[in-house]
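*Asks:* Got a structure here, written out as structure tokens. Questions coming.
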Amino acid sequence: MSQRSTHFTHAVTRQPCNAIIDGLRAVDTGAPDLAAFRHHHGAYIEVLKSTGAVVTELPAMEAFPDSVFIEDAALCLQEAAIIMRPGAATRLGEAAAVRPVLESLYNQVFVIDGPGFIEGGDILVTESEILVGRSARTDAAGVAELRAIVEKLGYRLREVETPPDVLHFKTDCSLLDGQTILATDRLAATGCFEGYRVIPTAEGEEASANAIRFNDVVLFAAGFPQTEQRLRAEGFDVRTIGNSEAAKLDGGMSCLSLRFSPADLPGAAG
Ligand code: CIR
């Protein structure tokens, strides 16, 4: 059985910048501590590397306070990378910055040109489909432009709704294996995961829903013991990572990397 949605040879991350204190946030709970952020980020990268993946660590970009949340700038599939068009005005330039990096890792790179908007945090790729949640950052035109690209690549795209006041679709869910999703009750209640097995986050631990399955491990935000225990009881190899600083900017595990296994590396024979 394919594991293309959970197993990856590559990841790309971007170092947090000093300007991160100006990062976007729905509610101001104080400035993130850069030293602590760097510490958490380093631990995150170590876990990715421990699975054998090649991790490309990009330098900090001071012009873009939220650029550590690199997932929003691109969608990486096996056959191609697609450069997103972030709906947050201060983040638009992050997409152009990631393009040359992905062009060096993929033979095919597509670009969402607009006028619509779409961010990677609203996209959940499973074994059978690509789920895209419309949100304050991702609109119908952005989804339509992505749909045209991925359908040509042979993927099925299903448009769903992100609950109100939730930043991204994946703020509230993660893929744990080919048929299992960790999700908040408020998102699962929309019915978008019919046909999947859903493990609910524990009450009061909704902020733990944004995890990532990366090869044989699950990277999971520290501080959510009941949900963590649920995952361990299901046999997942859970690695907890400090997320207190990213959380001040509404970030979690998925936002901090692009994860992929390019089918044909540029320059590869054949
Ligand atoms: C933002 O509001 O865009 C950033 N402060 C957080 C982005 C988090 N990204 C994600 O969930 N994929």
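*Asks:* Just need the relative contact order of the chain here, percent rounded to a whole number, with Cα pairs under 8 Å and 6+ apart.
*Replies:* For the chain, the relative contact order is 24 percent.
*Asks:* In the range 105-260, with Lys and Arg counted as +1 and Asp and Glu as -1 at Cβ, which of these residues, P115, G204, L146, has the Cα nearest the positive end of the dipole, that is, farthest along it?
*Replies:* Final value for the positive-end residue is L146.
*Asks:* Further, regarding this structure: Please give the per residue volume of the convex hull enclosing the alpha carbon atoms of the chain, rounded to a whole number of Å³.
*Replies:* 120
*Asks:* Still on this structure, please answer the following. I need to check one value: relative contact order of the range 26-131, counting alpha carbon pairs closer than 8 Å and at least 6 residues apart, in percent.
*Replies:* 22
*Asks:* Assuming R0 = 30 Å, what is the FRET efficiency of L92 and V55, from their Cβ-Cβ distance, to the nearest 0.05?
*Replies:* 0.70
*Asks:* From the phi angles alone, apply the Karplus equation (6.51, -1.76, 1.60; θ = phi - 60°) to the range 41-58 and give each ³J(HN,Hα) in whole Hz, x where the residue is Gly or Pro.
*Replies:* Going residue by residue, I get 5, x, 5, 4, 5, 4, 5, 4, 5, 4, 8, x, 6, 7, 10, 8, 9, 7 Hz, with x marking Gly and Pro.
*Asks:* Using the Cα centre of the range 66-140 as the reference point, and only Cβ charges (+1 on K/R, -1 on D/E), how large is the resulting charge dipole? Debye, rounded to the nearest 20.
*Replies:* 200
*Asks:* Write out the GluC sites (Glu not before Pro) in the range 120-181 meeting two conditions: DSSP loop, and at most 15 other Cβ atoms within 10 Å of their Cβ.
*Replies:* E127, E129
*Asks:* What FRET efficiency would be calculated for the residue pair A222, S261, taking the C-beta separation as r and a Förster radius of 30 Å, to the nearest 0.05?
*Replies:* Efficiency computed from Cβ-Cβ geometry: 0.60.
*Asks:* If you don't mind, there's one more thing I want to ask. Which one, V101, G23, V238, is farthest towards the positive end of the dipole of the chain when Lys and Arg carry +1 and Asp and Glu -1 on their Cβ?
*Replies:* Comparing the listed Cα positions along the dipole, V101 ranks first.
*Asks:* Let me ask you something else. Could you state the number of Å between the C-alpha centres of the range 129-205 and the range 36-79?
*Replies:* 22
*Asks:* Treating only the Cβ atoms of Lys and Arg (+1) and Asp and Glu (-1) as charged, compute the dipole magnitude of the chain about its Cα centre; round to the nearest 20 debye.
*Replies:* With Lys and Arg at +1 and Asp and Glu at -1, about 400 debye.
Readers should treat all values here as calculations from the given coordinates under stated rules, not as data from a laboratory. In this text, all values refer to a predicted model and were calculated from it rather than measured experimentally. FYI the Cβ positions are ideal-geometry reconstructions off the backbone, even for glycines, and counts take in every protein chain you see.
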